[in-house]
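I have placed the structure first, in the form of structure tokens, so that the comments after it can refer back to it.
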Amino acid sequence: MKLYNTMSRSIEEFVPIVKGKASMYCCGPTVYNYAHIGNLRTYIFEDLLHRTLSRDGYEVKHVMNITDVGHLTGDGDDGEDKMEKSARETGRSVWDIAKFYTDAFFSDEKDLNIIRPDIVCRATDHIQDMIALIKRLEDGGHTYTAGGNVYFSIDSIDDYGKLARLNIDDLKSGARIDIDSNKKNPKDFVLWFTNSKFKDQAMMWDSPWGRGYPGWHIECSAMSMKYLGEHFDIHCGGIDAIPVHHTNEIAQSEAATGHTWVNYWCHGEFLLNDTGKMSKSSGEFLTLSVLKDKGYDPLDYRYFCLTGHYRSQLKFSYEALDHARSARRSLVDRIRELKGAAEASNAPGEKAKAYMDAFDSAMENDLSSPQALSQLWLMLKDDLPASDKLAAIYHMDGILGLRLEAIEPAAAGDVGGADEERLLAERTAAKKAKDYKRADEIRAELFDRGFIVRDTPSGPILEKRV
RNA sequence: GGUGUGAUACCCAAGUGGCCUAAGGGGACGGUCUGCAAAACCGUUUUUCAUCGGUUCGAAUCCGAUUCACACCUCCA
């Protein structure tokens with residue numbers, strides 16, 4: 001298994017810390033709003049990584065956090081808390097907001113057939129772990145308190161910014177945000193806030209530094225170490241997390257433990273739209289629900305994501321999504337036919353196995369899903385027994401996650417209701433009597449009812465229009 | 001201002017020195033099949049990889065310049 005490691009900026013052979021096991025931590029959603037489809041692209045990438053590691057024989061332990069506290073809206077450390085803002089705007093409590101959007105997120109994940117991480121942990125359930133970690137940093141001399149907040153001092157370590165290859169002197173700190181005058185170094189970041197500018201801040205906890213709430217980055221360090229140990233294999237996220245969030249996570253984690261924290265850093269590229277980066281604040285706020293309302297199957301979007309490599313920017317457009325939908329439907333049609341003709345083979349032949357191997361090789365080569373997908377199509381078009389094709393399809397879908405195994409086989413009499421079946425029979429009779437005008441009328445009627453008539457060698461069948 | 005990344009045929013998108021006269025998908029067109037369709041199958045849309053120059057026996061792939069686009073330096077997947 002080869003993976004691109006952001007730390008080394010190169011593709012590396014994956015060597016786990018513990019033989020046969022792979023531990024991965026993925027930055028999860030901040031649940032103050034719906035996830036947009038760009039967010040979801042990253043979770044699809046992580047799902048592919050999870051599935052591919054499993055396929056490769058690793059026992060995967062996948063942890064994802066839910067950020068249900070903190071993360072400010074604005075620039076710098078003085079913006080408004082996103083959760084509080086959302087709560088204020090909707091008249092719900094912050095806890096209700098968090099619950100609502102967490103549920104919405106997992107509903108999207110389910111629709112996209114994303115395997116649920118083995119452990120999903122909420123920040124608000126781990127405040128004590130964060131406090132303990134901050135304390136450890138304090139004991140190690142990596143913190144200072146100013147203006148009521150506890151800061152991490154980046155000058156207390158000598159390799160700050162190594163992931164992003166930041167040249168600290170070149171960064172124009174303060175160019176676009178006001179410098180927090182409490183900070184000794186503009187790149188220092190808050191570990192614990194006691195100094196909320198909002199008197200009615202709802203989420204507050206007691207701590208050795210006073211009643212308050214944790215900074216933005218500490219939760220991932222605290223929870224990942226709690227569940228995966230102080231040295232684990234893989235940490236994932238979106239590329240935007242590299243310069244600040246992951247940089248600060250590394251700084252605090254390695255300062256606390258005194259050793260390397262994560263071996264492989266994997267980042268998913270952005271989904272773009274016409275105007276550039278997809279965002280919650282500008283342009284159309286594209287959620288999975290929006291796509292569903294427009295008649296797309298969530299798996300159309302999953303397929304669309306698979307057609308691009310996770311480390312490449314992918315341009316979203318409805319035209320591109322239409323292409324993905326057409327391709328996926330065509331795939332479903334073929335599989336439906338195959339299922340009507342055969343059962344999956346238990347012992348597929350050499351040719352089928354060669355395609356499966358080529359597919360796995362593509363995935364194990366830094367998750368080259370576009371190439372893997374092309375193997376699926378080549379296999380389908382090749383001259384193989386239907387049973388072998390099905391076996392190969394199921395094997396590949398173990399990673400693609402397009403629910404191909406669950407597709408109903410092509411067969412007469414199992415799709416429409418009694419009315420439709422009666423119409424279909426009437427059409428067959430009309431055809432037999434060479435009353436083609438009537439037969440075509442019935443076909444149009446069935447089309448209006450949402451069915452396509454398909455004449456197959458074994459007789460006419462109805463198919464749901466998708 | 002600084003730092004990166006990218007530009008591939010009608011569209012999306014792989015490929016990072018020879019197996020590339022560029023994978024795969026989508027669309028369009030023509031054909032086979034069909035009463036007609038749909039589906040399926042076959043063929044075409046491809047000597048071409050932003051532009052210019054260089055390196056090399058050989059470049060989409062390496063180097064340089066140019067143009068354009070995007071991202072990051074700020075919470076963001």
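Assorted remarks:
- In chain A, the longest principal axis of the Cα atoms and the axis of helix A:318-341 are about 50 degrees apart.
- Adding -39500 (n - 2.57) for every DSSP H run of four residues or longer, then dividing by how many residues chain A holds, sets the calculated 222 nm ellipticity at -13000 deg cm²/dmol.
- Compared with the direct C-alpha span, the chain from A:S312 to A:A425 gains 35.6 nm at full extension, assuming 0.36 nm per residue.
- A Förster radius of 56 Å combined with the Cβ-Cβ distance from A:I119 to A:D448 puts the calculated FRET efficiency at roughly 0.70.
- Filter on A:K82/A:K187; A:K432/A:K464; A:K381/A:K432; A:K2/A:K162; A:K110/A:K226 - keep pairs with C-alpha separation over 30 Å: A:K381/A:K432
- Here the stretch A:2-268 is described by how far its Cα atoms reach on the three principal axes: 51, 45, 34 Å, from widest to narrowest.
- The stretch between A:V18 and A:A354 holds 117.9 nm of extra length on full extension. This uses 0.36 nm per residue minus the Cα-Cα distance.
- Helix axis angle, A:218-228 relative to chain A longest principal axis, alpha carbon, degrees: 60 degrees
- Amide H within-cut-off set for A:V60, under 5 Å, with H built and near neighbours excluded: A:A22
- Taking 0.36 nm per residue of separation and subtracting the current Cα-Cα distance, fully stretching the chain between A:S93 and A:S361 would add 91.6 nm.
- Rule-of-thumb Rg ratio for the stretch A:418-464 [Cα; 2.2 N^0.38 Å; N residues]: 1.02
- Each of A:E249, A:E138, A:E405, A:E89 has some number of other Cβ atoms within 10 Å of its Cβ, and from fewest to most they run A:E89, A:E405, A:E138, A:E249.
- Counted by neighbouring Cβ atoms within 10 Å, the residues A:T67, A:T52 run from fewest to most as A:T67, A:T52.
- Principal-axis tilt of helix A:436-448 within chain A, Cα atoms, nearest 10 degrees: 20 degrees
- When Rg and the Kirkwood radius Rh are both evaluated on Cα atoms of chain A, their ratio Rg/Rh stands at 1.06.
Each reported figure results from applying straightforward, stated rules to the coordinates on display, with no laboratory input. Small disclaimer: the values here were computed from a predicted structure and weren't measured. Don't worry about glycine lacking a Cβ; one is built from the backbone with ideal geometry, like all the others, and counts go over all protein chains shown.
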